[in-house]
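Here is the structure we will look at, set down as structure tokens.
The values are calculated or read from the model by the stated rules, or taken from the named source; none is laboratory data. Note that this is a predicted model, so its numbers are computed, not measured. Cβ: placed from backbone, ideal geometry, glycine included. Neighbour counts: every protein chain shown.
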Amino acid sequence: SEDVLSKDAGECAICLEELQQGDTIARLPCLCIYHKGQVFLRMDIKFPKVAFMGCIDEWFEVNRSCPEHPSD
């Protein structure tokens with residue numbers, strides 16, 4: 001289900017960016033959470049470039065299970 005994160009929650013296992021308070025997230029039945037929608041990624045600290053990633057939305061285009069619990 002889609003939700004807004006109420007407090008910082010570590011790192012998204014898909015994009016490796018921090019899950020921060022106010023981010024739109026997807027909460028799966030296994031209770032894992034991932035970014036929902038597009039996330040801005042900093043590709044390199046020395047030469048900052050920004051890319052966009054869909055996190056769980058892109059994952060579900062080719063998978064039907066949690067990235068961390070594929071057997072669920």
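Listed values, structure above:
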item: Residue in region 2-16 that is surrounded by fewer than 11 Cβ atoms within 10 Å (Cβ to Cβ), modelled with pLDDT under 85, part of a strand (DSSP E or B) and on the phi < 0 side of the Ramachandran plot present; result: yes
item: Subset of region 26-56 [modelled with pLDDT of 85 or more and surrounded by 12 or more Cβ atoms within 10 Å (Cβ to Cβ)]; result: ALA26, ARG27, LEU28, CYS32, ILE33, TYR34, HIS35, LYS36, ILE56
item: Failed criterion for ASP23 (all others in (1) on the phi < 0 side of the Ramachandran plot; (2) out of contact with any Leu (no Cβ under 6 Å at 6 or more places or on another chain); (3) modelled with pLDDT of 85 or more hold); result: (2)
